[in-house]
Structures are given as C-alpha cells and as structure tokens.
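Read-outs throughout are calculated quantities, based only on the coordinates presented, and are distinct from any laboratory measurement. In this text the structure is predicted, and so the values were computed from the model without any measurement. Every residue, glycine as well, gets a Cβ built from its backbone with ideal geometry; the counts of neighbours run over all protein chains shown.
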Amino acid sequence: MKAVYGWLIGLGTRSVYQSEDQGIHGWLDDAPERIFEDARIRKVKTLGPRSYIVALPRYAAFTPVVTALAKQGVRFHDLAGNDEILLTAIAPRELDLHPPGGIVLSEEILTNPATKRIGVRAPVRTLHVILTDLPARGASVEHLYDY
C-alpha cells in the first residue's frame, strides 16, 4: 500500500515540478574550437571569433571542466549570468594569498595542520588567472560552486 501511495505522490509531483537542469550556461572568450571535443561542453551559440555561449555540466563535473578550460587559456565572461563565483582550495598554511575578490574563509585542516582550506570570492572575469595562479603557488583547487 505504501509503495502505491509513494508512486502516486511521485506521479503528482512530476506533473507540477520539472526535474532540475543538469547544465549551466557560460560565456567563454578566447576559446579554441578544440574545447568542443570534450563531450561535456556543448556549444549553444557562437558570439564571435573564439567567443561562445556554452552548456557546462553541473555539480561534481563542473570543477574539472572549468579548470581544464582555464588551462587552455579560455577566459570566462560570466557563468549562469553571474560575475562572481565561490571556490575552495587546499593550500599550505603559511601561504599568503590575496586573489582578486578576496578570501572569505580560511581555516586550518585539523587532520593536516600544515594545510588550510580557503574560500575565494572570485570575479568570473579573472577566474582563469586564479585557477592557474593557485596551483603555481602550491594550492590545489578543491571545488568551484556552480549556481
């Protein structure tokens, strides 16, 4: 009886609510055509030479896709219409960082006191700089929070 009731509730909610979108749109500049060889990146609209609106995956896949794009020299104009994004990184405790947008969180990792987790309020237009600067300074990007 409970299974039938649950099935009816599920059927009713699907008629009212749509499933959550699994993609996020972004405006990319300086993007080579080869980025579309990655099946996770879909061209939505061409805006000009090397400038596109693209669909990117959300959740766990978002961070590695955006990081890989930054490594290819892609610049981000906006992500989901937003001009800021939050990212977290693991960094050596002594590392003094002053990224554009600023640090909004800095906490020691209790299981490894030589490191800290930082939260960076990153302007999307400088994201390519931040994503290449952090690893060069000994920090590893942990997560980019999609919208």
Next on the checklist: So for segment 135-147 (the condition being surrounded by 17 or more Cβ atoms within 10 Å (Cβ to Cβ) and outside any loop (DSSP other than H, G, I, E, B)), does at least one residue qualify?
Outcome noted: yes
Item to check | Subset of segment 82-111 [without any contact (Cβ under 8 Å) to a residue 24 or more places away in the chain and outside any loop (DSSP other than H, G, I, E, B)] | outcome: Ile103, Val104, Leu105, Ser106, Glu107, Glu108, Ile109
Checklist outcome for this item: For segment 132-144, pairs from a residue that is within 18 Å of Glu84 (Cβ to Cβ) to a residue that is of a type in the set (Gly, Ala, Ser) and surrounded by 14 or more Cβ atoms within 10 Å (Cβ to Cβ), with Cβ under 7 Å and 6 or more apart or across chains, are Leu134/Ala89; Val141/Ala89; Glu142/Ala89
